[in-house]
């Protein structure tokens with residue numbers, strides 16, 4: 001905790017210097033957040049709710065920070081992620097438990113998803129690099145894995161390529177995603193990854209409805225599903241259904257969220 005306070009103080013001093021150079025920056029910080037509840041069937045056959053709270057604060061043009069809380073069925077409220085960062089000469093810098101930069105799909109059940117713990121992330125001109133720490137609290141020089149991604153805009157379509165390399169296990173993963181493509185008013189996207197095998201997912205979006213289909217090189221058809229999101233007086237209500245072709249099981253989900 002002492003190291004966190006010291007790092008925060010350094011970031012604050014740095015942000016103050018940046019603010020002095022930008023006289024056009026707004027005078028006060030902006031608070032944002034989201035409250036969510038995801039309801040799904042548990043292993044015991046009951047319906048449990050996972051509640052999340054995301055809080056963010058930003059001084060536009062200077063620095064930003066966030067902290068996420070989550071409460072699972074039968075569990076206590078716990079910190080699920082955090083980050084703080086700034087930008088210098090169009091280069092974004094952030095540190096924290098903030099996820100990775102590897103491409104993701106809509107459902108992602110078959111896609112490679114290399115894990116990353118706390119990380120230092122750098123972004124500039126469509127390129128992102130994340131250095132994942134093995135144990136940030138014990139040794140800030142212990143880098144466990146490296147992730148990178150680059151997004152290229154091709155007209156209305158975005159093409160993102162990404163990779164992950166684990167320095168300890170020597171394992172690697174590659175991924176690519178195409179998004180933003182529109183056909184007859186339907187937004188199309190596709191994701192492909194390679195770790196030990198090739199996996200894919202195709203998704204489509206239209207009028208609040210999202211549908212997906214995924215599989216891998218051994219089984220082309222594994223999951224098919226979709227969701228529908230409706231805004232009810234400022235609250236997003238989402239209903240989803242996944243069908244596992246192997247087990248012939250349907251998995252429904254319900255989500256509620258409110259952003260401010």
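The values are calculated or read from the model by the stated rules, or taken from the named source; none is laboratory data. Because the structure is a prediction, the values reported are computed rather than measured. No Cβ is skipped: glycine too gets one built from the backbone with ideal geometry, and neighbour counts run over all protein chains shown.
Against the condition part of a strand (DSSP E or B) and farther than 28 Å from residue 202 by Cα, how does residue 142 come out, does it pass? Here the answer is yes, as residue 142 does meet what is asked. The listed residues are 174, 154, 232, 241, and the only one of them that is more than 19 Å from the chain's Cα centre (by Cα) and over 30 Å from residue 53 (Cα atoms) turns out to be 154. The condition of being in the same structural domain as residue 109 (by TED's automatic domain parsing) and loosely packed, with under 14 Cβ neighbours inside 10 Å holds for only one of 248, 197, that being 197. Reported count of residues in the range 216-259, each being under 22 Å from residue 34 (Cβ atoms) and touching a strand residue (DSSP E or B) at 6+ places or on another chain (Cβ under 6 Å), is 17.
Take residue 239 and tell me if it is assigned to a strand (DSSP E or B), in contact (Cβ under 8 Å) with a residue 60 or more places away in the chain, closer than 20 Å to residue 42 by Cα and out of contact with any helix residue (DSSP H, G or I) (no Cβ under 7 Å at 6 or more places or on another chain). The answer is no for residue 239.
Residue 66 falls short of the stated requirement of being in a strand (DSSP E or B) and in contact with a helix residue (DSSP H, G or I) (Cβ under 9 Å, 6 or more places away or on another chain).
Find the residue count for the range 72-92, including only residues that are over 30 Å from residue 216 (Cβ atoms) and either surrounded by 14 or more Cβ atoms within 10 Å (Cβ to Cβ) or modelled with pLDDT of 90 or more (or both). Total satisfying the criteria: 11.
The set of residues in the range 93-112 being surrounded by fewer than 19 Cβ atoms within 10 Å (Cβ to Cβ) and either under 18 Å from residue 191 (Cβ atoms) or at pLDDT below 95 (or both) consists of 99, 104, 108, 109.
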